[in-house]
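Working notes for the structure below.
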Ligand SMILES: Nc1ncnc2c1ncn2[C@@H]1O[C@H](COP(=O)(O)OP(=O)(O)O)[C@@H](O)[C@H]1O
Ligand SMILES: [Mg+2]
């Protein structure tokens, strides 16, 4: 997208994306997340039940107000864009859809003006309802949400609203009750792998099986993140075969073998030795503590240790990750990490005797 000439960005921009795919060079410069955005509902991976229901409602022209929520990169925006395409065809949806997202003003005036202007204009040549897509609606102020409640009621006759957000708890109950809610869970490894294989084939990449597995693991069920990792790694490898090590090192993540080494040091060495060991590895490989902590967590779940110790370790790791997210010192948090493993070690020894 960045490589394209600057245009005045209108609210319908996301919807006009497919037109640009006609242009082969623009298509090449596109980030893969846009290039491989599902064009129709049947292209959306996973969420079969949700897609079936929405597809049926769309076909029968009985679409209710929708609230799609769940973590990023799970297909919420893609789903509603595909619905708009199915409802209005590629030529009609510019007039029939209003798409607003978090970069727009979310104040009370915004709700009253933009949405009311759009929703209240009469349809002249087309029939059916219009669609207002409020992407990232959890960024709306409470006042704007209250204002929206009245707007929804007023224009229900000729307009359907689709709210999209990550945190459903940030949407006021009065709005939630006006919508049919669908939760988009993180994509399972199988669905991600299948979609990835499609992109790998279309882009004629050579990626080893371990490489693909690493992309899936690091993507953590977020398809946007997954595709970005695949694109940056394959660009860095420039035509060479992409392997597991490439994926981890390109994204600055510690290799599984590094995590094993770190875990071994943490559980077997004393405080000072373990601290120096992990600090050395961290500097040597240029990895961030937060990535180490994130990858140690599944390791703690896997390894055979007493349940009580596992619980304490998971809690400690969660606290450290939380504190790191707020920008606290890496050094102090590394101390906390080593400390919690030293405590865990003494518990394990106690449990064994
Ligand atoms: N369920 C899915 N099936 C196929 N591709 C997906 C899916 N979810 C996300 N993607 C990919 O990730 C990108 C971002 O998806 P998007 O629908 O914008 O996610 P969300 O709105 O849930 O954050 C899409 O362009 C698409 O390439
Ligand atoms: Mg989105």
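The values are calculated or read from the model by the stated rules, or taken from the named source; none is laboratory data. What you are looking at is a predicted structure, and each value in this text was computed from that prediction instead of being measured. As a convention, Cβ positions derive from the backbone with ideal geometry for all residues, glycine included, and neighbour counts pool all protein chains shown.
Within the span defined as region 270-281, one or more residues are more than 25 Å from residue 218 (Cα to Cα) and either assigned to a loop (DSSP other than H, G, I, E, B) or in contact with a strand residue (DSSP E or B) (Cβ under 9 Å, 6 or more places away or on another chain) (or both). For region 160-174, the set of residues classified as surrounded by fewer than 19 Cβ atoms within 10 Å (Cβ to Cβ) and either within 15 Å of ligand 1 (Cβ to nearest atom) or assigned to a loop (DSSP other than H, G, I, E, B) (or both) consists of 166, 167, 168, 172, listed by residue number.
Quick check: anything in region 250-258 closer than 30 Å to residue 344 by Cα and over 24 Å from the mean Cα position of the chain (by Cα)? Among the residues of region 250-258, at least one is closer than 30 Å to residue 344 by Cα and over 24 Å from the mean Cα position of the chain (by Cα), which makes the answer yes.
Quick one: is residue 99 within 16 Å of ligand 2 (Cβ to nearest atom) and farther than 21 Å from residue 176 by Cα? When the stated conditions are applied, residue 99 does not pass them.
Every test in (1) over 16 Å from residue 71 (Cβ atoms); (2) in a helix (DSSP H, G or I) is passed by residue 226 save one, and that test is (1). Of all residues in region 158-205, those satisfying the criterion of being touching a residue at least 24 places away in the same chain (Cβ under 8 Å), in contact with a helix residue (DSSP H, G or I) (Cβ under 8 Å, 6 or more places away or on another chain) and within 18 Å of residue 229 (Cβ to Cβ) are 187, 189, 192, 195, 196, 199, 200, 203, 205.
Highlighted here are the helices (runs of 4 or more DSSP H) found entirely within region 1-115 that include at least 1 residues which are within 24 Å of the chain's Cα centre (by Cα) and at pLDDT 90 or above: 32-35, 48-59, 76-96. The listed residues are 157, 204, 150, and the only one of them that is under 15 Å from residue 64 (Cα atoms) and either within 16 Å of ligand 2 (Cβ to nearest atom) or surrounded by fewer than 14 Cβ atoms within 10 Å (Cβ to Cβ) (or both) turns out to be 157.
Within region 50-95, which residues are away from ligand 2 (no atom under 16 Å from the Cβ) and either in contact with a strand residue (DSSP E or B) (Cβ under 9 Å, 6 or more places away or on another chain) or outside the structural domain of residue 148 (by TED's automatic domain parsing) (or both)? Once the filter is applied, which keeps residues that are away from ligand 2 (no atom under 16 Å from the Cβ) and either in contact with a strand residue (DSSP E or B) (Cβ under 9 Å, 6 or more places away or on another chain) or outside the structural domain of residue 148 (by TED's automatic domain parsing) (or both), region 50-95 yields 53, 57, 63, 64, 65, 87, 88, 93, 95.
When residue 177 is tested against (1) exposed (fewer than 14 other Cβ atoms within 10 Å of the Cβ); (2) at positive phi, only condition (2) is not met.
Would you call residue 149 outside any helix (DSSP H, G or I) and over 30 Å from residue 36 (Cα atoms)? For residue 149, the condition - outside any helix (DSSP H, G or I) and over 30 Å from residue 36 (Cα atoms) - is not met. Would you check if there is a residue in region 231-244 being within 11 Å of ligand 1 (Cβ to nearest atom) and under 17 Å from residue 136 (Cα atoms)? No: zero hits. A Cβ distance below 8 Å, combined with a sequence gap of six or more or placement on separate chains, defines the contacts here; from region 333-349, residues that are outside the structural domain of residue 273 (by TED's automatic domain parsing) reach no residue that is crowded, with 18+ Cβ neighbours inside 10 Å and outside any helix (DSSP H, G or I). Only one of the numbered conditions (1) more than 23 Å from residue 351 (Cβ to Cβ); (2) modelled with pLDDT under 95; (3) in a helix (DSSP H, G or I) is not met by residue 297, and that is (1). Report yes if residue 258 is closer than 30 Å to residue 184 by Cα and surrounded by 15 or more Cβ atoms within 10 Å (Cβ to Cβ), otherwise no. No. Test residue 73 against the criterion of being over 20 Å from residue 180 (Cβ atoms) and surrounded by 22 or more Cβ atoms within 10 Å (Cβ to Cβ), and give yes or no. So residue 73 fits the description; yes.
For region 175-199, the set of residues classified as touching a strand residue (DSSP E or B) at 6+ places or on another chain (Cβ under 8 Å), within 14 Å of ligand 1 (Cβ to nearest atom) and outside any loop (DSSP other than H, G, I, E, B) consists of 182, 183, listed by residue number.
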